[in-house]
1. Shape verdict for segment 209-337, please, from the Cα gyration tensor: rounded (a/c under 1.5), prolate (a/b greater than b/c) or oblate.
2. What are the DSSP H helices in the chain that stretch 15 Å or more along their long axis, judged by alpha-carbon atoms, and whose average Kyte-Doolittle hydropathy comes to at least -0.5?
3. Could you name the lysines in cross-link range of LYS352, using Cα to Cα under 23 Å and dropping any fewer than eight places away on the same chain?
4. Could you tell me what percent of the DSSP beta bridges with both partners in the chain are antiparallel, to the nearest 5?
5. Under 25 °C and 0.890 mPa s, how fast does segment 54-338 diffuse according to Stokes-Einstein, given a Kirkwood radius computed over C-alpha pairs? Answer in µm²/s, whole number.
6. Show the residues, 5+ positions off or on another chain, whose built amide H is closer than 5 Å to the amide H of PHE247.
7. What residue among ASP69, ASP300, ASP46 has the largest mean-square fluctuation in a Gaussian network model of the chain, using Cα springs under 10 Å?
8. With springs only between Cα atoms under 10 Å, which of VAL40, VAL126, VAL72 fluctuates most in a Gaussian network model of the chain?
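Throughout, read-outs are computed from the coordinates displayed, never taken from laboratory work. What you see is a predicted model; the values in this text were computed from it and never measured.
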Amino acid sequence: MKQIIHARIVLRDRIIRDGSIVFSDKIISVSENSEKLKGVTVINADGATVIPGLIDLHIHGYLGADASDGDVKGIETMADGIARNGVTAFLPTTMTLSYAELEKAFNAVRRAKANGTPGGAEILGVHAEGPFINPEKCGAQPKEYAVSPDADFIINNADIVKMVTIAPEMDADFANIRRIKNETDTIVSIGHTNADYALAMASFDAGISHVSHLFNAMTAMNHRAPGVVGAALGSDKVSCELICDTFHISPPLFSIVHKLKGERFNLITDCMRAGGLPDGIYDLGGQVVYVNGIRCLLADGVIAGSVLKLNHAVRNAAANGLSLCEAVNAASLYPATVLGLQNERGSIEVGKRADIVVCDSELEVKSVFREGKQIVS
Ligand SMILES: [Zn+2]
């Protein structure tokens, strides 16, 4: 049993200025006093900030590895690397590739998940971003592998695919979206889409419940054509991802979207393999990407993912209109809710898993516990 004392604890709806947390694999107590218990390992946080383990629903790569490589070691490198950013669970995210390459990537994630990534973030399953996207809205994804939705491919891999991004206009009568919704637990997300407002709203009725990187690679909100963005902001049926690196999305939008979406607002990184590495030239699904600071661009200037760290996304959100509690919730409790895991993780509450991050006031990570076991020190 461990006890963190003298911590500034970020709860879901308030902050304890100087308190303590007792935990084993689960959180046993949270209190406003820091009196040391006997017979436990005491960790003095010395005023540091304590937040729940972060959950990334959309991350392609880190430290040179990419979930699309189909390499077990690479997935493990990602898991270990992002734990240093306070992430305790994630969905390795594949790009638009051939079925054979996707199967290989899914198998690598299956094996890494079975191995357990004990020193890093837990793998919760794959987010398959494509291949069922609109070739006209590929962004940095290779066009040649974009194909019409195929429910069987997802149903056959539903043990590992927790989320799939689909352009609904590619799915006549939403037949495949309906089948995935009815026959699996896989979350269907709208993205890389040219749908208009009406088609997007109809696809939410058919089973789409999430929006991949709101604003990016979808029809914009115009006063005469509300687009996918308007549908996503207006509907209570969908949760939304936002890349809060301050480059993909203009910072004033962080709080505007949060006001509209509330607990359906999720921070993601959409990080690619250059994450955690110096500026330079990298590969993204066979395309050359130039990384300079927070900007990752193809040669033609198209934005190609990010090198955002999830703890920095939280910091950016908190610096641009969200309360610290809500900025943290958007990267922990709310993504847990998207995955149906909100009763077991995502906030510092008695009975939940002891996924705990100790950080400084700028949210730079000092130490991380996953199910009570220290994985970053
Ligand atoms: Zn992505």
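1. It is oblate, given that a/c is not under 1.5 and a/b is not larger than b/c.
2. 72-83
3. Within reach: LYS2, LYS26, LYS36, LYS38, LYS113, LYS162, LYS366, LYS373.
4. Close to 55 percent.
5. Estimated via Stokes-Einstein, D reaches 134 µm²/s.
6. none
7. ASP300
8. VAL40
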